[in-house]
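Q: I am attaching a structure below and will ask some questions about it afterwards.
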Amino acid sequence: MNAIPVLTIEDVADMDVMDVTVIAALAAGSFAATRELARRIGEIEFNALYHQGNGSHMFMNSVDDDTIMITVFGSRTTVGLVRFYSTAAAQNVAGILKLLRRTTHGFSFDAKDISAAPVFVDHP
């Protein structure tokens with residue numbers, strides 16, 4: 001099985017408590033298992049996965065064949081809104097990754113270069 005690089009976007013979790021590496025590894029495993037479930041019922045893939053918690057929720061979606069994006073969000077945001085913005089963001093990221101893979105323009109890119117810096121922040 002190929003390792004899947006994972007982009008993380010967090011907006012509600014405390015980064016001192018959240019181990020992004022563990023979350024990325026577990027999410028990649030979950031996404032791979034879901035992909036296999038889809039294949040077993042005749043689907044090419046399920047391109048999104050949602051986990052609902054009591055206070056925090058997680059939405060994962062495909063960016064491309066090698067990358068998934070994880071969005072962690074709280075109860076003040078709806079899954080529909082996260083899905084809407086995540087889909088658009090994934091398309092933009094996919095375009096950037098495709099460009100980087102096609103031509104480096106003097107830059108190199110590796111999954112370890114991805115940080116878990118907050119992109120969307122939920123302000124009280």
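Q: Just to check I understand the Karplus step: with θ = phi - 60° and J = 6.51 cos²θ - 1.76 cosθ + 1.60, what whole-Hz values come out for the range 22-34, glycine and proline as x?
A: Values per residue, Gly and Pro as x: 5, 4, 4, 5, 5, 5, 4, x, 4, 5, 5, 5, 5 Hz.
Q: Place a +1 charge on the Cβ of each Lys and Arg in the range 6-105 and a -1 charge on the Cβ of each Asp and Glu, then give the dipole magnitude about the Cα centre in debye, rounded to the nearest 20.
A: It works out to roughly 360 debye.
Just so you know, all these numbers are worked out from the coordinates, no wet-lab data involved. Please read these numbers as outputs of a predicted model, since none were measured by experiment. Cβ: placed from backbone, ideal geometry, glycine included. Neighbour counts: every protein chain shown.
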